[in-house]
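**Q** Have a look at this one.
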Amino acid sequence: MKGLQVRNLNKSFGGLVVARDITLDLAPGDRKALIGPNGAGKSTFTNLITGILAPTSGEIRLDGRDIGRLSEAQRVKAGIAKTFQITTLFRSLTVRENLRLPLLERRGLTARMIGRADADPALEAEIEALLAQFKLSAFGDAKVDRLAYGQQRLVEMAMTLALRPRILILDEPAAGVPSSESPLISDAIAALPKDLSVLIIEHDMNLVFKVAAKIIVLVAGAILTEGSPQEISADARVRDLYLGAHHD
Ligand SMILES: Nc1ncnc2c1ncn2[C@@H]1O[C@H](COP(=O)(O)OP(=O)(O)OP(=O)(O)O)[C@@H](O)[C@H]1O
Ligand SMILES: [Mg+2]
């Protein structure tokens with residue numbers, strides 16, 4: 001079986017259950033969104049998948065292989081990546097220099113080789129391709145802190161993609177992005193490689209409806225329902241629990 005398979009995943013912090021018997025599949029090419037009220041356990045779920053947190057019980061498999069006991073770094077190598085956070089960007093380095101970092105990491109080189117790697121044509125070609133993919137070609141030599149916030153978030157996404165993941169988790173890719181720049185984010189998600197599995201956690205419902213083919217609703221650590229955007233927007237329970245509150 002190809003892709004990510006999560007089976008009966010549970011996680012508690014003391015008496016607080018934050019993941020309750022979560023079973024979920026991400027096949028190659030899937031575009032799924034995980035939505036739910038604040039504190040529902042969305043970020044916790046992503047931390048369980050990436051290995052930042054250990055589950056209380058349950059299984060996480062990639063292509064049928066149990067990865068539940070792998071370290072964070074081993075899971076990245078296996079193909080699971082969560083976007084770099086804006087706070088991890090080197091703001092005084094250029095976009096091109098930032099992109100060089102995950103490419104060096106993927107090749108097992110260290111950041112100290114950042115200067116020497118400059119002379120590696122294959123690596124530089126990959127950087128140019130990433131810049132083009134995220135419409136950042138004109139900003140390659142700009143320092144990150146000179147970019148619009150939405151573009152900085154694209155740099156995070158490009159850096160994550162440089163690791164060549166097969167499963168990509170985007171936790172609130174549009175958080176803090178002004179609505180005028182929100183199309184930058186949805187266009188970038190739409191342009192991701194077709195065979196990549198993508199899980200998007202996002203409160204911006206316009207973005208969710210634009211990019212997700214399936215929506216999973218998480219409430220108090222448990223999956224309430226999974227359906228198409230049409231099904232979810234027509235679900236009275238979802239409207240009551242979540243969409244209503246956000247549209248008020
Ligand atoms: N390390 C931790 N120790 C104890 N409780 C935690 C820890 N991390 C998260 N929690 C609690 O687990 C619950 C789920 O939090 P989580 O951050 O996963 O929610 P979320 O769905 O991502 O919310 P948001 O939409 O606000 O980002 C919350 O009640 C939170 O306070
Ligand atoms: Mg969260």
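**Q** For Arg112, state whether it is modelled with pLDDT under 95 and more than 16 Å from ligand 1 (Cβ to nearest atom).
**A** Criteria met by Arg112.
**Q** One residue is enough: does the range 87-102 have a residue meeting the conditions surrounded by 18 or more Cβ atoms within 10 Å (Cβ to Cβ), touching a Lys or Arg at 6+ places or on another chain (Cβ under 7 Å) and at pLDDT 95 or above?
**A** no
**Q** Might you let me know whether the range 221-229 holds any residue that is surrounded by 15 or more Cβ atoms within 10 Å (Cβ to Cβ), under 18 Å from Phe134 (Cα atoms) and not assigned by TED's automatic domain parsing to the domain that holds Leu130?
**A** There is no residue in the range 221-229 that is surrounded by 15 or more Cβ atoms within 10 Å (Cβ to Cβ), under 18 Å from Phe134 (Cα atoms) and not assigned by TED's automatic domain parsing to the domain that holds Leu130.
**Q** Which residue, of Val208, Val238, Val217, is within 16 Å of ligand 2 (Cβ to nearest atom) and either part of a helix (DSSP H, G or I) or not assigned by TED's automatic domain parsing to the domain that holds Ser12 (or both)?
**A** Val208
**Q** Continuing with this model, one more query. Can you pull out the residues in the range 3-62 that are among the basic types (Lys, Arg) and within 16 Å of ligand 1 (Cβ to nearest atom)?
**A** Scanning the range 3-62 gives Lys11, Arg20, Lys32, Lys42.
**Q** So which of Ile201, Ile189 ends up being of a type outside the set (Phe, Trp, Tyr) and surrounded by 22 or more Cβ atoms within 10 Å (Cβ to Cβ)?
**A** None of the others qualify; the one that does is Ile201.
**Q** Would you be able to say whether some residue in the range 15-27 is surrounded by fewer than 21 Cβ atoms within 10 Å (Cβ to Cβ) and touching an Asp or Glu at 6+ places or on another chain (Cβ under 7 Å)?
**A** Among the residues of the range 15-27, not one is surrounded by fewer than 21 Cβ atoms within 10 Å (Cβ to Cβ) and touching an Asp or Glu at 6+ places or on another chain (Cβ under 7 Å), which makes the answer no.
**Q** Looking only at the range 132-189, how many residues end up being among the hydrophobic types (A, V, I, L, M, F, W, C), free of Cβ contacts under 8 Å to residues at least 60 places away in the same chain, farther than 29 Å from Gln5 by Cβ and away from ligand 1 (no atom under 16 Å from the Cβ)?
**A** Summing the residues that are among the hydrophobic types (A, V, I, L, M, F, W, C), free of Cβ contacts under 8 Å to residues at least 60 places away in the same chain, farther than 29 Å from Gln5 by Cβ and away from ligand 1 (no atom under 16 Å from the Cβ) in the range 132-189 gives 11.
**Q** For the range 149-196, what are the residues that are assigned to a loop (DSSP other than H, G, I, E, B) and closer than 24 Å to Thr44 by Cα?
**A** Those that are assigned to a loop (DSSP other than H, G, I, E, B) and closer than 24 Å to Thr44 by Cα: Leu163, Arg164, Pro165, Arg166, Glu172, Pro173, Ala174, Ala175, Gly176, Val177, Leu196.
**Q** Right, next: Looking at the range 211-220, which of its residues are more than 16 Å from the chain's Cα centre (by Cα) and either surrounded by 22 or more Cβ atoms within 10 Å (Cβ to Cβ) or of a type in the set (D, E, K, R) (or both)?
**A** Val217, Leu218
The values are calculated or read from the model by the stated rules, or taken from the named source; none is laboratory data. Note that the coordinates shown come from a computational prediction; the quantities given were computed from them, not determined experimentally. FYI the Cβ positions are ideal-geometry reconstructions off the backbone, even for glycines, and counts take in every protein chain you see.
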